[in-house]
Amino acid sequence: MNKEIFEKYEIIDAHAHIFPEKIAENATVNIGHFYELEMDSTGVSSKLIESGKKIGVKRYLVCSTATTPHQISSINSFIASECKVHKEYYGLGTTHALSEDIEGDVKQILSLGLHGVKLHPDFQKFNADSPEAFKIYEQIEGIIPLMIHCGDNRYDFSAPKRIANIHKNFPKLKIQAAHLGGYQSWEQAEEYLTGLDENVCFDISSSLAFLSPQKAAHMIRAYGVEKCFFGSDFPMWSHTDELERFLTLGFTEEENRLILSENFKRFYGI
Ligand SMILES: [Zn+2]
């Protein structure tokens, strides 16, 4: 890509996955199988930064999900340790609806200086708006944001209507609804998540490869250009490909600036 195109923008990747070196290869292969997609890379910091550098990414929101409760503490420590080494990282911790000590998990996340909680109900196998999951939101509402995977036609755990229900029950909880609010469940996402207040924002990762530019631009405008963040969902996609897809959507320079970094900074209070 022509350097001048992206050099005029500050770019933040609002959705990237990293894993410890020794499990990264397996974790990446497993995610690829889950989504029946060819992964662009492996989810390790060295590769993430190498990929992001190609478009001049300044900051990354990094996360990882605990598929079972016993992984929570080590994942949170891992993300925090990566954030210490890589000053360009902004880290999210994780917990699980079936954790026996959600309060303790959130305490750990806060004491490690992490900036939010990442959940992936489809991997974690609980309904995003179940009473068990509500115990997580009770702990973090008004304190730190939630980034949550949204939508998948094959599962119902993270359906857009459940995300809307979280917002209804926890109106002060800041929610980053991933993948335009509904990975592959685009119609439901638009139906349930349009018109909500500024506490519900969206990242556009893992969306643009599946939507026509017209449909993607329409959804972003429907939610509000000031509510959407650019993201790669690395190692799913390369930064170069995702930025190229984004720049074909036809937004103005000012709108690009909002989506590529300004909205994210406002939402996370940077
Ligand atoms: Zn994710």
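Given axes a ≥ b ≥ c from the Cα gyration tensor, I'd like to know whether region 140-270 is rounded (a/c under 1.5), prolate (a/b larger than b/c) or oblate. Cα axes put region 140-270 in the oblate bin. Each of Lys265 and Ser74 was given a label point 7 Å from its Cα along the Cα-to-Cβ line. The distance between the two points is 3.8 nm. Within region 133-198, the GluC sites (Glu not before Pro) that combine a DSSP coil assignment with at most 13 other C-beta atoms in a 10 angstrom radius are Glu198. When peptides 57-69, 29-41 are sorted by average Cβ neighbour count within 10 Å, with the highest value leading, the order is 57-69, 29-41. So what is Rg over Rh here for region 59-168, counting just Cα atoms and using Kirkwood for Rh? Over the Cα atoms of region 59-168, Rg/Rh equals 0.96. Most mobile of Phe229, Phe202, Phe170 per a Gaussian network model of the chain (Cα springs, under 10 Å)? For the chain, modelled as a Gaussian network with Cα springs under 10 Å, the answer is Phe170.
For the chain, the spread of Cα coordinates along the three principal axes comes to 50, 40, 36 Å, biggest extent given first. At a Förster radius of 30 Å, what calculated FRET efficiency corresponds to the Cβ-Cβ distance of Lys3 and Thr252, to the nearest 0.05? My answer for the efficiency is 0.90. The HN-Hα couplings worked out from phi for region 196-208 by the Karplus form 6.51 cos²θ - 1.76 cosθ + 1.60 (θ = phi - 60°) are 7, 6, 6, 6, 10, 10, 9, 9, 9, 5, 6, 10, 5 Hz, whole numbers, x standing for Gly and Pro.
For Val29 and Ser111, the difference between the fully extended length at 0.36 nm per residue and the C-alpha to C-alpha distance is 26.3 nm. Between Glu226 and Lys53, what is the FRET efficiency for a Förster distance of 25 Å, r being their Cβ-Cβ separation, to the nearest 0.05? Working from the Cβ atoms, E equals 0.35. Taking the Cα centre of the chain as origin and assigning +1 to Lys and Arg Cβ atoms and -1 to Asp and Glu Cβ atoms, the resulting dipole is close to 440 debye.
Quick note: the coordinates plus some simple rules give every number you see, no bench work behind them. Keep in mind that this is a model prediction, so the values were computed, not measured. Backbone-built Cβ (ideal geometry, glycine too); neighbour counts: all protein chains shown.
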